[in-house]
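The values are calculated or read from the model by the stated rules, or taken from the named source; none is laboratory data. Computed from a predicted structure; not experimentally measured. Virtual Cβ from ideal backbone geometry, glycine too; neighbours counted across all protein chains shown.
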Amino acid sequence: MDFLAKIGRRGILQTCAQLLATLLWPWRQPARAAPGAERADDPAGSRMDALARVVLPTALSGDERRRVVARFAAWVEGFAPGVELMATEDTAFLSELPFSRQMRSAPTSPRTRYDEQLDALDEEARERHGVAFTALGSTESDAIVRELVESAVARLKPHDLNPIGAPALWLAGPAAFVGTPADHVAIALMAFYFGSAEGVGRSLERVVDPRTCRGFDGIERPPRRRSG
Amino acid sequence: MRRIESEVCVLGAGVAGALVAARLAEAGVGSITVVDAGRAADPPARRPDRAARWLDYMERPWPGDRVVGRPPPGDAAGGAVQKPTMYVGGQATHWTAQTPRFTPEDFRLHSLYGYGRDWPISYEDLEPHYDEAERRLGVSGEPDGGPRSAPFPMPPIPESMDLRTVRDWAGRAGIALHAAPYAKNSRPYDGRPACVRCDTCYVCPTGAKYSPDFTLRALAHARKIELVERVAVRRLEIDSGHRIARADAVDVKTGMPVSLESSYFVLATGFPFAPHLLARSATPDFPRGLANSSGTLGRFIQGHPVVIANLTIPDQIFGWVHEQNRLMTRRYMREPVGAENVRFDLSAMAAPHLPHLRNHEGGVQLGDEVLADWRVRSTRGLVQLRSLIDVYFGDQSRIVDDPSSFYPWGDPMPKTEYVYDAAPERRRRAGGREVRKLFEAMTKKAGGEVQFFHGPSAHPHRGGGCRMGDDATTSVCDPFGRAHDHENLFVAGAPLLVTGGCTNATLTFCALALRTADRLVAEMKRNRSESPELEPA
């Protein structure tokens, strides 16, 4: 029973840990703001929020979008460089894939790269339109991000991510892209959202949380409809 | 030098070793040592966190479960790697836990279909041990029409609406699917909880999925066995009567030698490590390796090519509901198809659609576009079909030293060389053709489209290399797993395979191991009754 109780608490504990990490972030890392944090030279608002406006569904309210960005920031904070990563020799089928034969460790935290990529977005915006990325209209910011994502995805090899071909935003979320040629904050934020319970639920318009132990009650029926 | 003495020394703490140790302990064998090169896996309480980190960061939930600093060795064909697992519990600490039995036909391939080789035992001989293995592991399943002496220990894991859709779709195509059996609890069983659908079966965070380390921990805790971790066996030594006198080993942590001395040795290191160890233990009397007077050691290794296809079907499948479990049919294991008598299993699972960064035209998608594309694709269900094809490998396929991979203690690692000469290649091609024809016929009849077809390639569920037989000139072990050449050496599990079957093979490895353990227990009892002085005080 103790076991089950721990499982039942897992989701709650994870959420609490993520919220705590988000709240503590500015004090833990005073020298460098995390992606998604406010910056003194960024008075118009978070560059991450501006990016989120482009890469997340427009149906998200401002609060919902900011919560996604905060959770993403917590995810970045929780990244552990050097840890052994999943290698697909662990399953017979996936071991067929050519990218699977290497032992892999988590690369350096993407945090610095993401910051530099946000800086690059700003530079591009100033070069093209003379204003910060956060001050761009949706058409202009969409064009810049789209080009960057296109460029990153074009460098992916067919087997970088999954065997089906089209690069997928895997359930594994942004971790699937870290260290690949598509290691970009815009893609990572999309992967984070669309791999989350909320993202999956929004796609199906049903409550389907693939990240919790859900039991079997009602499994014989379609998942219940998502409200909102 | 550290010396460890016991009545029975079980080399290898994987699923075969765990079951042998459990059977011996229950029979009252007083002194059992189980030795493994690996270390203890994370305690169960740590596994929920491992599962969460795996999902969130793709971190490997079984860190370090390989020879330190060594990538897993491959094989000559570049196929699936053989995992030198370095956890107590072995590969079944992170298995899918799918536990079908072989069929009666698997044991009589040559008689029935003119290829492969008949086993020295029948399905009926192994059936009681299948039954026992299912009880010990805790298998959930539903009747599949195959012969069995007892029902599954537990009913199947509840079927999701998605799997029901797959079952109905296949039914329209004329294929009756049933729940694949799994060593996962559908109700509390053996002190472990029922599955609660975490969908992270690779690392089960609740203990609902069987893992051999559960058995070994319990035995060690009850002082029924001495579990010796991080000691790697390098070589077996024989005495003048060709009995195994001791196993020379090394302490993985310190590099110090260890001597394991015992009346009986059970080689449960699995495939390909058991035949490789015997080959590495050559002596002047056995220059081709211990237990190898027949010259078949490390040969006749088996496995089965796999074919996988993703299909879209007209029925809606939500995905993400419970995509860990499969449905299956054993029909084509029992009723071969085509001129080549192709045999294969067929399993199916519901799969989720994934969000894509590119649309069908190849353009990048952002935000609402990703969502819209995902929603459109999700109106059609995604099904993954998989078949394992029966292919019999001959004596050209073998286990050799890998000249480029070495253990930290200096010995070469094994390398498997699967040779697709004329016969297996013909069966592989015919199998791929027939399976593809079946998949396409299913979509034509029940609706759908093959999206992705992969194989036939690789060969999971490997075994053989110490095949059993009645004839000591053509086999390594007798029909109970005892080496023909060494009366106190038993081989347990996968290496004994004669043919590889065409379905997940772990339950068969387990049944063989239990049969071997039974024979050893019987012999020890007989010896004690004939020699009362051997009775323990």
I'm told B:D470 meets every condition in (1) in contact with an Asp or Glu (Cβ under 9 Å, 6 or more places away or on another chain); (2) buried (at least 21 other Cβ atoms within 10 Å of the Cβ); (3) of a type in the set (D, E, K, R) except one. Can you identify the failing condition by its number?
(2)
Give me the residue from the stretch A:175-199 that is β-branched (V, I, T) and touching a Pro at 6+ places or on another chain (Cβ under 8 Å) and, out of that set, surrounded by the fewest Cβ atoms within 10 Å (Cβ to Cβ).
A:V178
Being touching a Gly at 6+ places or on another chain (Cβ under 9 Å) and hydrophobic (A, V, I, L, M, F, W, C), is that true of even one residue in the stretch B:112-135?
yes
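Of all residues in the stretch B:137-158, which are among the charged types (D, E, K, R) and buried (at least 20 other Cβ atoms within 10 Å of the Cβ)?
B:D144
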May I ask you to say which residue of B:N310, B:N325 is within 14 Å of chain A (Cβ to nearest Cβ), touching a residue at least 12 places away in the same chain (Cβ under 8 Å), within 24 Å of B:W169 (Cα to Cα) and in a strand (DSSP E or B)?
B:N310
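To keep it simple, each residue is scored yes or no on (1) surrounded by 20 or more Cβ atoms within 10 Å (Cβ to Cβ); (2) touching a residue at least 60 places away in the same chain (Cβ under 8 Å); (3) under 20 Å from B:Q384 (Cα atoms); (4) within 14 Å of chain A (Cβ to nearest Cβ).
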residue	(1), (2), (3), (4)
B:W409	no, yes, no, no
B:P414	yes, yes, no, no
B:R426	no, yes, no, no
B:A430	no, yes, no, no
B:E434	yes, yes, yes, no
B:M442	yes, yes, yes, no
B:G448	yes, yes, yes, no
Is it true that some residue in the stretch B:77-88 is away from every other protein chain (no Cβ under 14 Å) and at pLDDT below 95?
yes
Do we find that A:F216 is within 7 Å of chain B (Cβ to nearest Cβ), hydrophobic (A, V, I, L, M, F, W, C) and surrounded by fewer than 18 Cβ atoms within 10 Å (Cβ to Cβ) in this structure?
yes
Counting residues that are within 14 Å of another protein chain (Cβ to nearest Cβ) and touching a His at 6+ places or on another chain (Cβ under 9 Å), which helices (runs of 4 or more DSSP H) fully inside the stretch B:108-215 reach at least 3?
B:161-172
Every residue from the stretch A:183-219 that is touching an Asp or Glu at 6+ places or on another chain (Cβ under 7 Å) and assigned to a loop (DSSP other than H, G, I, E, B)
A:P210
Only one of these is modelled with pLDDT under 95, within 27 Å of B:W374 (Cα to Cα) and in contact with a helix residue (DSSP H, G or I) (Cβ under 8 Å, 6 or more places away or on another chain): A:L51, A:L97. Name it.
A:L97
If you check B:K224, B:K184, which single one turns out to be closer than 28 Å to B:A268 by Cα and within 23 Å of the chain's Cα centre (by Cα)?
B:K184
Restricting attention to the stretch A:17-29, does a residue exist that is at pLDDT below 95, surrounded by 18 or more Cβ atoms within 10 Å (Cβ to Cβ) and more than 13 Å from every other protein chain (Cβ to nearest Cβ)?
yes
Single residue of B:G481, B:G501, B:G465, B:G493 found to be buried (at least 22 other Cβ atoms within 10 Å of the Cβ) and free of Cβ contacts under 8 Å to residues at least 40 places away in the same chain:
B:G481
Residue under question is A:S109, and the condition is that it be small (G, A, S), over 15 Å from A:M190 (Cβ atoms), modelled with pLDDT under 95 and in a helix (DSSP H, G or I); does it hold?
no
Can you pull out every residue in the stretch A:182-201 that is more than 21 Å from A:R146 (Cβ to Cβ) and within 8 Å of chain B (Cβ to nearest Cβ)?
A:V200
Search the stretch B:419-475 for residues being modelled with pLDDT of 95 or more and among the hydroxyl-bearing types (S, T, Y), and hand back the single one that is nearest to B:Y332 (Cα to Cα).
B:T443
Only one of (1) surrounded by fewer than 17 Cβ atoms within 10 Å (Cβ to Cβ); (2) part of a loop (DSSP other than H, G, I, E, B); (3) at pLDDT 90 or above is not met by A:P57, so which one is it?
(1)
Hits in the stretch B:328-353 (condition: part of a helix (DSSP H, G or I), surrounded by 21 or more Cβ atoms within 10 Å (Cβ to Cβ) and not hydrophobic (A, V, I, L, M, F, W, C))
B:Y332
Residues satisfying the stated conditions in the stretch A:162-182, i.e. in a loop (DSSP other than H, G, I, E, B) and either modelled with pLDDT under 50 or in contact with a Leu (Cβ under 6 Å, 6 or more places away or on another chain) (or both):
A:N162, A:P163, A:I164, A:G165, A:A166, A:P167, A:L169, A:W170, A:P181, A:A182
